[in-house]
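For reference, the structure discussed in these notes is given below.
No value in this document is a laboratory result; all are computed from the given coordinates. Given the structure is predicted, the values throughout are model-derived calculations rather than measurements. As a convention, Cβ positions derive from the backbone with ideal geometry for all residues, glycine included, and neighbour counts pool all protein chains shown.
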Amino acid sequence: MELRGYCEVTLLDIGGKELLDDARAEATTFADLYHPWDGVGVPPTARLEAWWYVMGARVQKALSERDIPDRCGCQVEDTG
C-alpha cells in the first residue's frame, strides 16, 4: 500500500476522521512553517518530506498508544 494510503487509512481506523484531520492540519502547519510554498507548480521535495514526516510520526504515536504493530515498517527517526 502506498504511504499516503497507509497513513490515512491507519489514522482513520484508529481515531476516525477527527484524528486524520488533526494529523493533516499538524503536517500542513509544520510544512508551512519550515518550507513555505506559494502553491504554484509542484511542491518542493523538502516540503513533501516534512509533511510525510509528521504524518508518519502521528501514525507511529497512534499505533504505540494502542499497542498495535506497525505493518508498514516505517520508522520515524528521532532527530531531536
Simple spin-label estimate for Leu12/Ala25, 7 Å along Cα→Cβ, in nm, reads 1.9 nm
Whole-Hz Karplus couplings 3J(HN,Hα) for segment 46-63, θ = phi - 60° and coefficients 6.51, -1.76, 1.60, Gly and Pro as x, run 4, 5, 4, 4, 5, 4, 6, 4, 5, 4, x, 5, 5, 5, 4, 5, 5, 5
